[in-house]
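The values are calculated or read from the model by the stated rules, or taken from the named source; none is laboratory data. Remember, it's a predicted structure, so these values are computed and weren't measured experimentally. Please note: Cβ atoms are built from the backbone with ideal geometry, for glycine as well, and neighbour counts cover all protein chains shown. These area figures cover heavy atoms from the full protein model, side chains too; ligands, DNA and RNA do not enter into them. Shrake-Rupley method; radii C 1.70, N 1.55, O 1.52, S 1.80 Å.
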Amino acid sequence: MLTEARRLADKIVACAPLAIQGRKQSAMLGLQHRGIAAAMQAQTDGEYDILEAMFRRSDIKEGLRAFLEKRNPNFEGR
């Protein structure tokens, strides 16, 4: 069980810092809604501001470029 937790943690920290923040914010905000439909509506209504900001940052471009070039990304938290 600890091995699996470590494997998952390693996958998480390999992600862009803003992506990790966005996922955490989404999870915490999702807990405030009653059901998945309400959480999805909140996202549509713009309540998940870090997710929108994430798509305007250079790290997302780097992640996409790295994927297309089949290399590991170099995230800078920007």
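Accessible surface comparison of 70, 61, 24, probe 1.4 Å, protein chains only, largest first: the order is 70, 24, 61.
Rolling a 1.4 Å probe over the protein heavy atoms of the chain, with every protein chain left in place, gives an accessible area that is 59 percent carbon and sulfur.
Size check on the chain: the Cα extents along the three principal axes, sorted descending, read 39, 37, 19 Å.
For the chain, report the accessible area per residue in Å² (1.4 Å probe, heavy atoms, rounded to an integer).
82
Taking label points 7 Å from Cα along the Cα-to-Cβ direction, residue 68 and residue 8 give a separation of 3.3 nm.
Let me have the 222 nm mean residue ellipticity of the chain computed from DSSP H runs of 4+ only, each contributing -39500 (n - 2.57), with the sum over all residues rounded to the nearest 500. Dividing the helical sum by the residues of the chain leaves -20000 deg cm²/dmol.
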